[in-house]
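**Q** Before I ask anything, let me first share the structure, which is written out below as structure tokens.
The values are calculated or read from the model by the stated rules, or taken from the named source; none is laboratory data. Because the structure is a prediction, the values reported are computed rather than measured. For neighbour counting, all protein chains shown are included, and Cβ atoms are generated from backbone atoms with ideal geometry for every residue, glycine included. What goes into the accessible areas is simple: the full protein's heavy atoms, side chains included, and nothing from ligands, DNA or RNA. Shrake-Rupley method; radii C 1.70, N 1.55, O 1.52, S 1.80 Å.
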Amino acid sequence: MQSITVRYFASIREQLGRSEEQFGLQDLKTVKDVWFRAAGSPPPANLLMAVNQEYVSLDTPVKAGDEVAFFPPVTGG
Amino acid sequence: MSIRVQQEIFDPWKLLAAYESEHADRLGAKTGASAVFVGSMRDFNQDAVVTAMTLEHYPGMTEAYLEKISAEARHRWPIQDSLIVHRFGAIVPGEPIVLVAAWSGHRDAAFAACRYLIDELKHRAPFWKQEKTTTGLRWVEQEKS
């Protein structure tokens, strides 16, 4: 089965209660679909997302083997 | 162009001296200017006393992003080299968190590149600070810039 890896960081991880999981690709077309599968609710306005470790937006398509990540605004430096 | 994302504490000034010595062929007499930023952990944030911090990161993406902004700085300004060092894991007040340095023939490029690198790092590099205060744990919020 074709699948993607989904990772969560910081307060998003705490809210969802898990740091990583695999989703089957069925019915998942975009990053937005992945978020709804993960959280069951609309994405927060300031949510950041990446596919294969590059920043993307909610309408970016996903494909088999992708690593998708969701996280809050960053606070490094 | 060097990036280091590490758990270990570092002394920014010893690190710079060692780096310049190691790369003396490139950073010797041809560069006249170096601009350096060091960010360290404070023991306060807004109203709270902060006693410790955990710095979370996204291994892989953090390095990729820092490499991307380093390449962009090199594209925009005539710099000979740049260095970014950033810690993750357990940090204690007073300890350095980040070092950014840029070397150029002239100060305009060195200052501008150094500023760009730390600003871009703070804007989008995937790190998240969790502070331990006297009232509990909290995630630091991104400053409105």
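**Q** How large, in percent, is the carbon and sulfur part of the accessible surface of chain A at a probe radius of 1.4 Å?
**A** Numbers: 1810 of 3820 Å².
Carbon with sulfur: 47 percent of the solvent-accessible area.
**Q** Leaving ligands, DNA and RNA out of it, report the carbon-plus-sulfur percent of the accessible area of chain B at a 1.4 Å probe.
**A** On the way: 3910 of 7750 Å².
That share works out to 50 percent.
**Q** Rounded to the nearest whole Å², what accessible area per residue is found for the protein assembly as shown with the 1.4 Å probe? Working shown, then result.
**A** Values: 11570 Å² over 222 residues.
Per-residue value: 52 Å².
**Q** Excluding residues fewer than 8 places away in the same chain, name every one of the aspartates and glutamates whose C-alpha is closer than 13 Å to that of B:Lys30.
**A** List returned: B:Glu20, B:Asp81.
**Q** Continuing with the same structure: How would B:Thr54, A:Thr5 rank on accessible area, largest to smallest, probe 1.4 Å? Please list the in-between numbers first.
**A** On the way: B:Thr54 70, A:Thr5 30 Å².
Largest accessible area first, the residues go B:Thr54, A:Thr5.
**Q** Binned at 5 Å from 0, what are the whole-percent values of the Cα-Cα distance distribution for the protein assembly as shown, short to long?
**A** For the protein assembly as shown, the binned pair fractions read 1, 6, 14, 16, 16, 14, 12, 9, 6, 3, 1, 0, 0 percent.
**Q** Hey, got the average number of other protein chain Cβ atoms within 10 angstrom for residues in B:122-130? Can you show the working numbers first?
**A** Details: counts 4, 4, 5, 4, 11, 6, 11, 5, 4.
Mean partner shielding for this stretch: 6.
**Q** Give me the lysines in straight-line cross-link reach of A:Lys32: C-alpha distance below 29 Å, same-chain residues under 8 apart excluded.
**A** By straight Cα distance, A:Lys32 reaches A:Lys63, B:Lys68, B:Lys122, B:Lys129, B:Lys144.
**Q** Mind grabbing the interface size between A and B? I mean buried accessible area, both sides, 1.4 Å probe, in Å² to the nearest hundred.
**A** Details: alone 4770 and 8650 Å², together 11570 Å².
That pair of chains buries around 1800 Å² in total.
**Q** Check each residue of the range A:39-72 and keep those whose accessible area, probe 1.4 Å, is at least 30 Å² smaller with all protein chains in place than in the chain alone; give them in order of residue number.
**A** A:Gln53, A:Tyr55, A:Phe71
**Q** Continuing with this model, one more query. Working with all protein chains in place, sort A:Lys32, B:Lys68 by solvent-accessible area computed with a 1.4 Å probe, largest first.
**A** Details: A:Lys32 95, B:Lys68 135 Å².
Largest accessible area first, the residues go B:Lys68, A:Lys32.
**Q** What are the ³J(HN,Hα) couplings of the range A:31-36, residue after residue, when phi is run through the Karplus curve with 6.51, -1.76, 1.60 and θ = phi - 60°? Round to Hz, x for glycine and proline.
**A** With coefficients 6.51, -1.76 and 1.60, one gets 4, 4, 4, 4, 4, 4 Hz.
**Q** Another question about this same structure. Residues of B:47-57, mean number of Cβ from any other protein chain within 10 Å of their own Cβ, rounded to a whole number? Show your work: numbers first, answer last.
**A** Working: counts 0, 0, 0, 0, 0, 0, 0, 0, 2, 7, 4.
What the average comes to for B:47-57 is 1.
**Q** Loop only by DSSP, 15 or fewer other Cβ within 10 Å of the Cβ. Give me the trypsin sites (Lys or Arg not before Pro) in the range A:1-31 that pass, ordered by residue number. Let's see the in-between values first.
**A** On the way: sites: A:Arg7, A:Arg13, A:Arg18, A:Lys29; in loops: A:Arg18, A:Lys29.
Loop-located and lightly packed - A:Arg18, A:Lys29.
**Q** List the equivalent ellipsoid semi-axes of chain A in whole Å, largest first, each obtained as the square root of 5λ for an eigenvalue λ of the Cα gyration tensor. Don't jump to the answer; show the numbers that get you there.
**A** Working: eigenvalues 72, 33, 29 Å².
In descending order, the three semi-axes are 19, 13, 12 Å.
**Q** Where the convex hull is taken over the Cα atoms of the range B:1-100, what is its projected area averaged over directions, in nm²?
**A** On the way: hull surface 29.5 nm².
Result: 7.4 nm².
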